[in-house]
1. Which percent of the Cα-Cα distances in the chain go past 35 Å?
2. In Å², what does the accessible area per residue of the chain work out to with a 1.4 Å probe?
3. Considering Cα pairs under 8 angstrom that are at least six residues apart, work out the relative contact order of the chain and quote it in whole percent.
4. How big is the charge dipole of the chain about its Cα centre, in debye rounded to the nearest 20, if each Lys and Arg gets +1 on its Cβ and each Asp and Glu gets -1 on its Cβ?
5. How far is helix 194-221 tilted off the main Cα axis of the chain, in degrees rounded to 10, range 0 to 90?
6. In nm, give the distance between the simple-model label positions of R33 and A137, each being 7 Å from the Cα along the Cα-to-Cβ direction.
7. Under the definition of Cα pairs under 8 Å and six or more residues apart, what whole-number percent is the relative contact order of segment 1-87?
8. Run the numbers for R235 and S105: contour at 0.36 nm per residue of separation, minus the present Cα-Cα distance, in nm.
Amino acid sequence: MTVDQGIGSVTAGVDGSRAGQDAAAWAAREARRRKLPLRLLHAGTDSVPERAAEELACAYPQVEITVIRARSPAAKALLTASSGTGLLVLGTRGFTGFAGFPVGSVALAAAARASCPVVLVRSGERSEDERDAVPGAPPDEAPYLPVVLGVDLERPAGALVGQAFCTAAVRPAPLHVVHTWTPLCPDRGAPAGPACCAETAAEEDTRRHLLAVWLRPWRRRFPGTAVETEVVPGRPVQQLLRTCARAGLLVVGRRSGSGRGLGEVAHSLIHHATCPVAVVPYD
């Protein structure tokens, strides 16, 4: 089977590492929720993907699993696969202290250039990490933690918000939409005066109204999804990291097109978020 097949699927890259297997397990759970087949992509001739498929088949018997062997190097194979799948899932290593956790060059390249959304899952991620533990209740019956969506109202993107709503709906989980901006005050080094505070409050009201209008058709399309919005001044990375500290998934966007890359916000969030991060390309 070639890597350009399987449009209606979830694809996970496996390389024999624990991080790769944890990401593949996350992908299997997502495939089960979406009722899609799972494809395990491996660049090599060893038995890594077959062993991974066997382990996942025991844990998730409802999911159809196919092994795909790529003849090209891993980075190229992942980018090729991204044009024929709905979601690409990759693993990253665990935390290493205040610097966050390391993300390999292959995963970063895929997140920056893939045609489809890419989910980066840190090593050690478990199924119970997606849920809000309830004392005395089985882990698989606990409610899902929120899906957090970071949006830029200057560049609204249907693909981004659609991915977030769909991801929240299939769990089901609440959706927490966060918009941040940096207020423009005359003197950034001085304490904010009454005029500056009033200007910031007015800007916040305007942006909250714009966000409500922007989300209205999506709320109608997904009436069963509980939506919470937050419009707050500040730096996007700091605010989103704060919000996703108790989240099951963080969804952020990147501009598609040659040479655009991830962008500073997405790059920082990938390295520091404590939950899986979905990077969604949009025009």
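1. 19
2. 48
3. 19
4. It works out to roughly 520 debye.
5. 40
6. 1.6
7. About 42 percent, as a whole number.
8. Extending this stretch completely gives an extra 44.2 nm.
The values are calculated or read from the model by the stated rules, or taken from the named source; none is laboratory data. Owing to the predicted nature of the structure, the values given are computational and were not obtained by experimental measurement. Note that we place each Cβ from the backbone using ideal geometry, even for glycine, and neighbour counts take in every protein chain shown. Heavy atoms of the whole protein, side chains included, go into the accessibility calculation; ligands, DNA and RNA do not. Shrake-Rupley method; radii C 1.70, N 1.55, O 1.52, S 1.80 Å.
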